[in-house]
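The values are calculated or read from the model by the stated rules, or taken from the named source; none is laboratory data. None of the values given here were measured: they were computed from a predicted structure. We place every Cβ from the backbone using ideal geometry, glycine too, and count neighbours over all the protein chains shown.
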Amino acid sequence: MPGQVNSVSVLFVCLGNICRSPTAQGVFERLAEKAGLAHVQADSCGTGGWHVGTAPDARATDAAAARGYAIAHLRARQLQAEDFVRFDYILAMDESNLHDVQLMSPPGCQSHVGLFMDFAPERAVAEVPDPYYGGEKGFDQVLNLVEAASAGLILDLKERR
Ligand code: 4NP
């Protein structure tokens with residue numbers, strides 16, 4: 001695996017890196033820390049480059065803050081080739097993002113590339129829906145889903161430790 005022994009690196013990927021994946025990063029980092037997984041590192045990015053350098057959408061920041069997650073300091077960046085060497089897990093929010101990640105994945109890539117929601121315990125929902133063009137409820141739904149998937153991923157990482 002690309003990460004060093006005893007450390008695990010996770011990259012969350014969405015389209016713009018201003019709604020879903022920074023939320024996933026903030027939630028996962030917080031829950032992993034609470035679970036005592038000090039060896040885990042997380043980052044996020046977008047498959048698109050329109051918002052590079054900008055802070056998360058205010059609706060995402062506000063919804064996250066209401067549950068105690070701070071994400072306003074994060075800045076958007078675009079997926080790049082070296083991510084396939086740096087990260088053990090590259091987890092996409094939806095099938096469209098996953099397809100774009102797979103198109104960039106180099107031959108022989110050692111990273112686990114897949115859908116983030118595959119780690120949710122109930123697996124009732126396959127994707128984290130894009131909330132960008134919807135109302136504030138969509139951002140709460142994103143939080144519900146990423147909390148569930150983060151909890152499942154943390155359990156999985158604990159079992160592998
Ligand atoms: P995200 O949401 O992929 O969850 O960050 C979006 C952000 C921006 C756009 C689309 C989705 N956009 O079209 O600019």
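Restricting attention to region 24-67, the residues being among the hydrophobic types (A, V, I, L, M, F, W, C), surrounded by fewer than 17 Cβ atoms within 10 Å (Cβ to Cβ) and either on the phi > 0 side of the Ramachandran plot or away from the ligand (no atom under 11 Å from the Cβ) (or both) number 7. Checking each residue in region 119-139 for being loosely packed, with under 15 Cβ neighbours inside 10 Å and out of contact with any Gly (no Cβ under 8 Å at 6 or more places or on another chain) picks out Glu122, Arg123, Ala124, Val125, Ala126, Tyr133, Gly134, Gly135, Glu136, Lys137. Of all residues assigned to region 130-140, none qualifies as being within 29 Å of His39 (Cβ to Cβ) and either more than 16 Å from the ligand (Cβ to nearest atom) or assigned to a helix (DSSP H, G or I) (or both).
Any residue at all in region 89-108 that is closer than 25 Å to Lys158 by Cβ, at pLDDT 95 or above and in a loop (DSSP other than H, G, I, E, B)? Yes, region 89-108 contains a residue that is closer than 25 Å to Lys158 by Cβ, at pLDDT 95 or above and in a loop (DSSP other than H, G, I, E, B).
Against the condition surrounded by 15 or more Cβ atoms within 10 Å (Cβ to Cβ) and not hydrophobic (A, V, I, L, M, F, W, C), how does Gln80 come out, does it pass? The answer is no for Gln80. Residues in region 1-23 that are touching a strand residue (DSSP E or B) at 6+ places or on another chain (Cβ under 9 Å) and either among the small types (Gly, Ala, Ser) or free of Cβ contacts under 8 Å to residues at least 12 places away in the same chain (or both) were compared, and the one that is surrounded by the fewest Cβ atoms within 10 Å (Cβ to Cβ) is Ser7.
Leu153 meets the conditions (1) in contact (Cβ under 8 Å) with a residue 12 or more places away in the chain; (2) under 22 Å from Ala58 (Cα atoms); (3) assigned to a helix (DSSP H, G or I) in every case but one. The failed one is (2).
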